[in-house]
Each structure stands twice: as C-alpha cells, then as structure tokens.
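As structure tokens, the structure follows; a few thoughts come after it.
The values are calculated or read from the model by the stated rules, or taken from the named source; none is laboratory data. All values derive from a computational prediction rather than experimental measurement. Here the Cβ is made from the backbone with ideal geometry for all residues, glycine too, and neighbour counts use every protein chain on show. What goes into the accessible areas is simple: the full protein's heavy atoms, side chains included, and nothing from ligands, DNA or RNA. Shrake-Rupley method; radii C 1.70, N 1.55, O 1.52, S 1.80 Å.
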Amino acid sequence: MTRGMLVTTTYLEQTAPTDLRPAKPPTDPGQVVRVAEVSPEFCRFLFTAVGGDWYWIGRLSWTFQQWTEWLSRPGSETWVLWLHGTPAGYVELDSELGDSTTEVEIAYFGLLPAFIGRGLGGQLLTEGISKAWSIHDRWPALPPTSRVWVHTCTLDGEHALANYQARGLRPYRTDEHEEHHNPTPPGPWPGAR
C-alpha cells in the first residue's frame, strides 16, 4: 500500500572552483578512489546499499545493459569512499556537455548506514565536488567544468542539505510535488528492514 508524500526538492550549484568550502577532515578519514572499470554489479550494489533507506528506486529495474550504457558515457564517474577495506559511500558524477563548457551533476551521493555520523560525508562531498571541477583533466575531450550542481529532497538524509550548503553549494531553485511510496523505504534488498 503506497501513500502520498509531499516532497520538497532543492537544487544547488557552484559556478567556480573557489566556491568549494572543504570539510574538516574526519578523525578516521577514508580514501576516495575512482571506479576505473565499468562495473554495473558494483555500482548497483552502491546504489541500493546507500539509497535503499532514502527511496532511491529509479534504477532498481535497470538491466545489466542499461547500467553498462549509463556508466560507459564520457564524463560519467563513480568515486568510492573506502574505510578499512570497506566501501563506506560513493559519489556519482554525470557530465553534461554544453556549447563550450561542461556542467557536472552530482547525480548520487551518500554513505552506507553504518558510516553515517562519522564526518565522512563532508570528506566524500569535498572530494566529489573537487573531482567534478577537475573532470576535464580525466576526460580531455570535454570542455572545462563551468558549473557543478546537485538536487536533494526531503526524502534524503536529514543532514544532506546542510552538508551541501556547508561545502559552498548555493540553492537556486526549490519545488514541491507529491510522490507515492510505500510507508517505509525498500532498504538495500527485499526484506532487509
């Protein structure tokens, strides 16, 4: 049984690399590493492990081929935060080519539940934004980045919006709409919660 939920979505942006306000390093920092090989299995794991508690359902029905095509696009990058050999979170960057510039969306960002509250979100977001601004260095065929943007909504973690703003992302639009979901998020796999 689904129920209607009023969802507020906030869109935020940076228009210069100097807009980034780095987070204070956590007491026990992780290492952020790019997923250099196209790996639909791993990226789907990250999507469900991080997003299962936040109603991230848009890609649950994707086929292996859809994941492969999405991840193979120029300027599509996945960066994983590793802590003591364990994936703790990730940020997915999605480049959009303009006339002479590239806009980079932080398409997905978050931590696995066990790693929330350790200061790792600030570290991962700082590095993710920095990687968005430097995407041209890894994809020379793309023009330099002119804008980094993200959207978050009231279904996301309670500190998401504050973390984005603390890193220097500025709101430029807000909208409200109704969505229909089950009363509880799906979790990382059926029956997990």
Members of segment 15-45 found to be among the acidic types (Asp, Glu), open to solvent by 80 Å² or more (accessible area, probe 1.4 Å) and either at positive phi or not in a loop (DSSP other than H, G, I, E, B) (or both), listed by number: Glu41
Selection from segment 1-21 of residues that are over 17 Å from the mean Cα position of the chain (by Cα) and closer than 26 Å to Ser134 by Cβ: Thr15, Ala16, Pro17, Thr18, Asp19, Arg21
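So which residues in segment 53-64 are in a loop (DSSP other than H, G, I, E, B) and within 19 Å of Ala88 (Cβ to Cβ), if there are any at all? First the steps, then the outcome.
Here is the first cut: in segment 53-64, the ones in a loop (DSSP other than H, G, I, E, B) are 55-63.
Within segment 53-64, just Trp56 meets the criteria.
Please state which one of Val50, Val91 is assigned to a strand (DSSP E or B) and β-branched (Val, Ile, Thr).
Details: Val50 fails: assigned to a strand (DSSP E or B).
It is Val91.
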Matching residues in segment 46-62 - criterion: being open to solvent by 60 Å² or more (accessible area, probe 1.4 Å) and in contact with a Gly (Cβ under 7 Å, 6 or more places away or on another chain): Trp54
Those helices (runs of 4 or more DSSP H) lying entirely in segment 94-193 with at least 3 residues open to solvent by less than 20 Å² (accessible area, probe 1.4 Å) and at pLDDT 95 or above: 120-133
Contacts under 7 angstrom Cβ, first residue in segment 20-31 being closer than 8 Å to Gly119 by Cβ, partner basic (Lys, Arg), 6 or more apart: Ala23/Arg167; Pro26/Arg118
Qualifying residue in segment 35-58 (condition: touching a residue at least 40 places away in the same chain (Cβ under 8 Å) and of a type in the set (Lys, Arg)): no
